[in-house]
Amino acid sequence: MSTERYDRQLRLWGPEGQRRVSECRVLAFGATPSTCEALKNLILGGIKSFHLVDDALLASPSRPDARARCLSELFEIEIDAEMDSTSTVAEACVKGLARLNPDVGGTWTKSSARGSVNIAESLTQSEGVDVVLVDGWWVGDEYIQELEAWALKRGDVVLATTRACGLFAECKTSANARWVMENVTPEGSVTKDLRLMNPWSELQAYVEMKTSDLDRLDAAAFKHVPFVALLASAAAQCGTSDRRAVKDALTSMRRGLDEENFDEAFANMRYAWTDTGAVTPEIEALTRDRRAIELTAESDKGWFLAAGLREFISSEGCLPLEGSIPDMISTTESYVELQRLYADKANRDACVVWQSAIKRAARVGYIGDLITEQDAKTFCKHCRHVRFMTWRTMADELDPSTSVTSGAATLLKDAISDPSKTVSAFIFAAFRAASAFRGPGGRDPGVEPESVIDSETGLPMSQDAFVSRDAEVLHDHMTRDVLQPRGIKLDQSTAKIADDVLYEYTRYGNGQLNAVGSIIGGIASQEIIKLVTRQYIPMTQRLIYDGVHSTTTLLF
Amino acid sequence: MSRLDVDARPPGAVDVMLKRAGRFTGPDFDPSEDISSVLRAVRVLVVGAGGLGCELLKGLAMSGFGNVDVIDMDTIDVSNLNRQFLFRSEDVGKSKAETAARRTRERVPTCEVTAHHGRIEDKEDGWYRQFDIIALGLDSLEARAYINSVCCGFLEYDEDGNVDPTTIKPLVDGGTEGFKGHARVIVPGMTPCFHCTMWLFPPQTTFPLCTLAETPRSAAHCIEYAKLIQWPAERHGETFDPDVVEHMTWVYKKALKRAETFGIEGVTYSHTQGVTKNIIPAIPSTNAIIAAACVIETLKIATMCAKGMNNYIMYVGTDGVYSHTVEYERDPMCVMCSPGIAHSVSAYATLRDFMSSIVAAHPDSLSEPSVSYRGKNLYLRGVLEDQFVDNLTARMVDLMGGRTEGLVVVNDKKMKKTSMRVRVSLSG
């Protein structure tokens, strides 16, 4: 049943990835469209459990909008006969969300943002927490930094935050630095690691065997000599520096014009002079990183593998073989033989790296997860794309003085002056300014109080006048609380764009659209899946979504 | 759902956005207090009630749309449940369109959702005309091309090549595969249609039969052989049905045996399903992101609350998050949506001369054309063909009432439902 249910995702991250998903416990703060839509995707994907925190009541005198908010913008919500006006939105959401997947359990707590870290701590004691999902508006920029600090101290806990207002939104994840090495090679990677320029001895023997008697082969056999053999033979005859000669050699080997294997050889001719085992500067830097040299008992296993790779490179002068070959015209026998040749060599190379890594691990008394042969195989297969990733902290970006020392302030300044990023940079600034606008327990920009009276005329204000007034205040906050402390001044053209973005932000009246929640919550849940499965390459930067122009931009 | 009255849709974030002027609104945006009157009047057709379709229905209903139709021919399968969230285990086997419509109505009673369980090709072209916007949640190129051809078929141009705006049917299209997806807005006659950007879709890989039969090299080759060659040879009269477990198991076992004979690895039951059903991996997050992008564009088209996307966004989530919004350009020669392809023939050309010259100029689209001018058939293939044979030797200039320029419409079974618009000039 569950294999069938998860079939379409098992084809992406496999049983091991799914096992990691099925053990994942998610703690979410804020019953908002973004978090609920993110939860929806995680629940459908088959996480273990989720816990939702929000103090809003289905109907509350202090927040008469609470009920409207949940019914208009939250889809997975179920209000049953047991619930009344003192029930929480969180309870109704959990009830609705839990229907999505019978395998996943959901619970809730009624609490305000102030108690977030305590809740995280006590849930960790009772059930455990692997992922913290936070609505940035609900928790606020201040508490979110506390929550992040808490999560990072827990080691493996990851945090994802989203925030949305109208057609604008942002998403950021936080995690401790980590290796990524599974499923990191981009699909349809164009270069195949064929090693035709400097074949190893078994491949040389294969090429020799397949091409020594070319002239005596019957027509059918001739048309089925794999292009790899043809090309390697041509290259061996005339050296790889003379490209013209390789082409001529191939042409002279040919009998007619209908041999598809020769067509493939011509199409792949660049492999005759491309050193596919060459060490890239990225790998050079990674294997010579201080952490791959000064190994300790506490080092991450990735650094032992990187050290093993360094040793392999220095003795072999090239990277370990990737090990797979593309489909090509061939007889079954020749193809399977060739396939095995490449796979065996890749396994041998990985084994050398593995031996070196575990020897080093034993030497320093490594205490981490077992370094398996499979780890080494994965590492070597993807060695062109494996990486050690680091995240900026929330404080680096949100706290004005820290952002100056972390360099984020400069990056924000650069983004403002880059026309392709200006709007997004001001969306980031608008979210921060809105936090300052609201202050503790206050009103969000553009949210109408009971009545809006023009102080001069005594008449109700028009929507336009009200939005303009709030937008001006928001603008002051942006200048004073966001830009000035970061040493950013606007010129005339960027000031006009800032003005437009802040007006638009205010126009939305802090409204969270279900569809924008789907997008930003969707992105957050996708990042969580990548971090939990430890597959694919996670996003480390802050993402800004601009629904007006339908773009996403990475800041910092 | 009880206790709380949900008959009237309570005001939400969309309502606030729509009642206020903005700085990034589209042309003629008219702020309005009454969202339901604006959005209830708009009729949206959702094509497909699968992963994207469920998300589209949810998003449209939650955005205040009040009049939505959904069409899908499929029934619910267990493997849908990891993302098609309007369905539950107990719905397996039921109609996707009907179940999705019912669930959406239950949650959002203010949204009238009408289900159509059936094939898109079985609806008359005119049926599609009643909708204002068509949102596509499909997984096949053929189905997209079909709806595109229907909508482009509605277009009417004047003789200067200006499109009649009342004949435009906007399309919003989404597509996903694993962590990747795209969303696009097609305003036929104004922005590129599917056919203009056909190159975006890579050709599907098919294996030559001789490879399958004589030199299989991969698990997929063995599976295809079992399905295409062994099945009809050994189970004649029976049609292979990928949804019947016994059929799938049969193909799997045959493929496995063949693979063992040839020393090929990798034939599994799951892989057999993947190859025979052409399964595309799918996850809820990508569907949510792409469908919501489509919903937002639908809302923009309906209300002008913000500028529309221009005109294509691709999303890739495998390496960080990367998206690219790009303005593709129309193919001025597009046989689906262009005002007309300029084609000149001699002033003395007969209809037969014209027909052979236009076929020679567009051999990919035409082989046996039918031709009409100003709504009147000049040549029609099929049972009535005899009536038109005399026209073949008539001069074009006479058939066009003495004019030397004009818009001629050419149909051909090679182009399925679309017409080719030809701006003919008779010269020289």
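Hey, got a sec? Which trypsin sites (Lys or Arg not before Pro) in region B:136-196 land in a DSSP loop and have at most 15 other Cβ atoms within 10 Å?
Working: sites: B:Arg144, B:Lys180, B:Arg184; in loops: none.
When the trypsin sites (Lys or Arg not before Pro) of region B:136-196 are filtered for loop state and at most 15 Cβ neighbours within 10 Å, nothing remains.
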Karplus 3J(HN,Hα) series, Hz, for region B:264-274 with 6.51 cos²θ - 1.76 cosθ + 1.60 (x for Gly, Pro) | 9, 9, x, 7, 10, 4, 4, 5, 4, 4, x
Which lysines have a Cα less than 20 Å from the Cα of A:Lys381, not counting those fewer than 8 places away in the same chain?
-> A:Lys192, A:Lys301, A:Lys345, A:Lys530
Choose one of A:Ser403, A:Ser424, A:Ala357: the residue whose Cα lies farthest towards the positive end of the charge dipole of region A:352-441 (beta-carbon charges +1 Lys, Arg; -1 Asp, Glu; about the Cα centre).
-> A:Ala357
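Please compute the Kirkwood hydrodynamic radius of region A:119-181 from all pairs of different C-alpha atoms, in Å with one decimal. Don't skip to the end; give the middle numbers.
Values: mean 1/r = 0.0798 Å⁻¹.
The Cα-based Kirkwood calculation yields 12.5 Å.
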Treat the count of other C-beta atoms within 10 Å as a stand-in for reagent exposure and order A:Glu397, A:Glu337 from fewest to most.
-> A:Glu337, A:Glu397
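Could you tell me what % of all Cα pairs in region B:114-175 have separations over 21 Å? Working shown, then result.
Details: 476 of 1891 pairs.
Everything past 21 Å amounts to 25 percent.
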If one puts a single equal scatterer on every Cα of chain B and applies the Debye formula without solvent, what log₁₀ I(q)/I(0) results at q = 0.08, 0.09, 0.14 Å⁻¹?
-> -0.59, -0.73, -1.26
Build a GNM of chain B with springs between Cα atoms under 10 Å: which of B:Leu384, B:Leu136, B:Leu399 gets the top mean-square fluctuation?
-> B:Leu384
Over all alpha-carbon pairs of region A:307-459, lay out the pair-distance distribution in 10 Å bins, whole %, shortest bin first.
-> 9, 20, 16, 14, 18, 12, 6, 5, 2, 0
Can you give the mean number of other chain Cβ atoms that lie within 10 Å of the Cβ atoms in peptide B:288-300?
-> 6
20 °C / 1.002 mPa s Stokes-Einstein diffusion coefficient of region A:394-507, Kirkwood radius on C-alpha pairs, µm²/s = 145
Using modelled backbone amide H atoms (1.01 Å from N, in-plane), which distant-in-sequence or interchain residues come within less than 5 Å of A:Thr551's amide H?
-> A:Asp546
For region A:229-344, what is the largest minus smallest coordinate of the Cα atoms on each principal axis, given in angstrom and ordered from greatest to least?
-> 63, 32, 19
Pick out, in residue order, every one of the GluC sites (Glu not before Pro) in region A:66-130 that is DSSP loop and has at most 15 other C-beta atoms within 10 Å; say none if there are none.
-> A:Glu82, A:Glu127
Can you grab the distance from the C-alpha centre of region A:520-556 to the C-alpha centre of region A:151-188, Å, no decimals?
-> 7
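What does the charge count near B:His343 come to, summing +1 for each Lys or Arg and -1 for each Asp or Glu among other residues with Cβ under 14 Å from its Cβ? Show your work: numbers first, answer last.
Working: positive: B:Arg421, B:Arg423; negative: B:Asp353, B:Glu405.
Summing Lys/Arg as +1 and Asp/Glu as -1 gives 0.
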Starting from the Cα gyration tensor of region A:3-121, multiply each eigenvalue by 5, take the square root, and state the resulting semi-axes largest first in whole Å.
-> 29, 15, 11
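Viscosity 1.002 mPa s, temperature 20 °C: Stokes-Einstein D of region A:473-556 from its Kirkwood Cα radius, in µm² per second?
140
In peptide A:78-91, what is the residue-averaged number of other protein chain Cβ atoms found within 10 Å of each Cβ?
Counting other chains' Cβ atoms within 10 Å and averaging over A:78-91 gives 2.
What dipole magnitude, in Debye to the nearest 20, does the protein assembly as shown give about its Cα centre under +1 on Lys/Arg Cβ and -1 on Asp/Glu Cβ?
Working: 107 positive and 134 negative charges, 239 e Å.
Using only the charged Cβ atoms, the result is roughly 1140 debye.
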Could you list, bin by bin from short to long, the percent of Cα-Cα pairs of region B:237-351 in 5 Å steps?
-> 2, 8, 10, 10, 9, 9, 9, 9, 10, 10, 7, 4, 2, 1
Using only the Cα atoms, what convex hull volume per residue in Å³ does region B:102-148 have?
-> 102
Which whole-percent values make up P(r) of chain A when all C-alpha to C-alpha distances are grouped in 20 Å steps starting at zero?
-> 18, 40, 28, 12, 1, 0
Once the in-chain neighbours fewer than 8 apart are removed, the lysines whose Cα is under 30 Å from B:Lys307 read A:Lys40, A:Lys172, A:Lys413, A:Lys421, A:Lys489, A:Lys496, B:Lys19, B:Lys58, B:Lys169, B:Lys180
Relative to the longest principal axis of the C-alpha atoms of chain A, give the angle of the C-alpha long axis of helix A:227-238, reported between 0 and 90° and rounded to the nearest 10°.
-> 60
Give, as a single signed number, the net charge of other residues whose beta carbon lies under 12 Å from the beta carbon of A:Asn41, with Lys and Arg counted +1 and Asp and Glu -1.
-> -2
Using a 10 angstrom cutoff on alpha carbons, build the Gaussian network for chain B and name the most mobile of B:Ala291, B:Ala361, B:Ala282.
-> B:Ala361
Take the Cα pairs of region B:209-276, get the Kirkwood Rh, then feed it into Stokes-Einstein at 37 °C and 0.692 mPa s and tell me D in µm²/s.
-> 282
Along region B:139-150, Karplus-curve 3J(HN,Hα) (6.51, -1.76, 1.60; θ = phi - 60°) to the nearest Hz, with x for Gly and Pro, reads 10, 10, 5, 4, 5, 4, 4, 5, 5, 4, 5, 4
Once amide H atoms are built 1.01 Å from N in the peptide plane, which residues 5 or more positions from A:Ile329, or in another chain, come under 5 Å H to H?
-> A:Phe227
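Over the Cα atoms of region B:2-91, Rg to Rh with Kirkwood Rh, two decimal places?
Numbers: Rg = 16.3 Å, Rh = 15.4 Å.
Here the Rg-to-Rh quotient is 1.06.
Averaged over its residues, how many other protein chain Cβ atoms are within 10 Å of peptide B:278-284's Cβ atoms?
On the way: counts 0, 3, 2, 7, 5, 13, 14.
Per-residue shielding by partner chains comes out at 6.
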Based on the mean of other Cβ atoms within 10 Å per residue, sort peptides B:219-225, B:19-25 so the most packed one is first.
-> B:219-225, B:19-25
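Among A:105-114, B:42-51, B:243-252, what's the highest-first ranking by average C-beta atoms within 10 angstrom per residue?
Values: A:105-114: 17.5, B:42-51: 25.5, B:243-252: 15.5.
The peptides rank, most packed first, as B:42-51, A:105-114, B:243-252.
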Sorted from largest down, give the three principal axis spans of the alpha carbons of region A:281-389, whole angstrom values.
-> 51, 27, 26
What list of ³J(HN,Hα) values in whole Hz, one per residue of region B:246-256 in order, does the Karplus curve 6.51 cos²θ - 1.76 cosθ + 1.60 (θ = phi - 60°) give from phi, with Gly and Pro shown as x?
-> 4, 5, 4, 5, 4, 4, 4, 5, 4, 5, 4
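Give the peptides A:22-29, A:278-285 in descending order of average Cβ contacts within 10 Å, highest first. List each step's numbers first, then the result.
Working: A:22-29: 23.1, A:278-285: 12.9.
Descending mean neighbour count gives A:22-29, A:278-285.
Excluding A:Leu230 itself, what net charge comes from residues whose Cβ is under 10 Å from its Cβ, given Lys and Arg +1 and Asp and Glu -1?
Details: positive: A:Lys210, A:Arg254; negative: A:Glu259, A:Glu264.
The answer is 0.
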Here the Cα Rg-to-2.2 N^0.38 Å ratio for the protein assembly as shown is 1.04
Measure nothing but the geometry: give the 0 to 90° angle between the long axis through the Cα atoms of A:463-477 and the longest principal axis through the Cα atoms of chain A, rounded to 10°.
-> 70
In degrees from 0 to 90, rounded to the nearest 10, what is the angle of the helix A:89-98 Cα long axis to the longest principal axis of chain A?
-> 30
Note the direction-averaged projected area, equal to a quarter of the hull surface, for the Cα convex hull of region A:201-272, in nm².
-> 4.4
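Every read-out reported here was derived from the displayed coordinates using simple, explicitly stated rules and does not represent laboratory data. Predicted, not measured: the structure shown is a model, and the values here were computed from it. Every residue, glycine as well, gets a Cβ built from its backbone with ideal geometry; the counts of neighbours run over all protein chains shown.
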